[in-house]
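The values are calculated or read from the model by the stated rules, or taken from the named source; none is laboratory data. Quick caveat: nothing in here was measured; it's all calculated off a predicted structure. Please note: Cβ atoms are built from the backbone with ideal geometry, for glycine as well, and neighbour counts cover all protein chains shown.
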Amino acid sequence: MYENPVILFDGVCHLCAASVKFVMERDPKERFRFARLQSEVSRQLLAEHNAADSGLDSIILIYKGRLYRKSRAVLRSALLLHRAWPVMGLFLLVPRFIADPVYDYVGRHRYRWFGKMDSCWLPETDHGLRFLDSEEGRE
């Protein structure tokens, strides 16, 4: 189990990669770790949380032994960011039956709206240590 928050994301999704970059820029203490959902590291983490059936349709946050999906993963991640971003946590008051369908709608259209990469994205080497699957992606 990792002490730091871990975000699992779709590695070929431009929106997902932009979201990871967004978090990295607002995480000056470099607490967050990342892994692409397509990686073996992600499969192992999901299996540890009995969530091995997870597809590529959701961002996932694993923090303090708990797994969060969809809107809850996004909002709980915002709570851990620098400056004013934790205010986004107020949206945790919006019930999942409202928030998750909005998340799902964007998720279904993300490739059409934002595009899809030909191969999984990994950051430049200076951020590579924050990616749990960085060695896997450089093979």
Could you pull out the residue among Leu92, Leu81, Leu45, Leu75 that is buried (at least 19 other Cβ atoms within 10 Å of the Cβ), at pLDDT below 90 and assigned to a helix (DSSP H, G or I)?
Leu75
Please verify whether region 54-62 includes one or more residues that are closer than 20 Å to Ser119 by Cα, part of a helix (DSSP H, G or I) and polar (S, T, N, Q).
no
Pairs please, first residue from region 90-110 and under 19 Å from Ser77 (Cβ atoms), second anywhere and assigned to a helix (DSSP H, G or I), Cβ atoms under 6 Å, 6+ apart in sequence or on different chains.
Phe91/Leu75; Leu92/Leu75; Ala99/Ser71; Asp100/Lys70; Asp100/Ser71; Tyr103/Lys70; Tyr103/Ser71; Arg110/Leu15
Against the definition (under 20 Å from Glu135 (Cβ atoms), surrounded by 13 or more Cβ atoms within 10 Å (Cβ to Cβ), touching a residue at least 24 places away in the same chain (Cβ under 8 Å) and of a type outside the set (Ser, Thr, Tyr)), how does Arg36 come out, yes or no?
yes
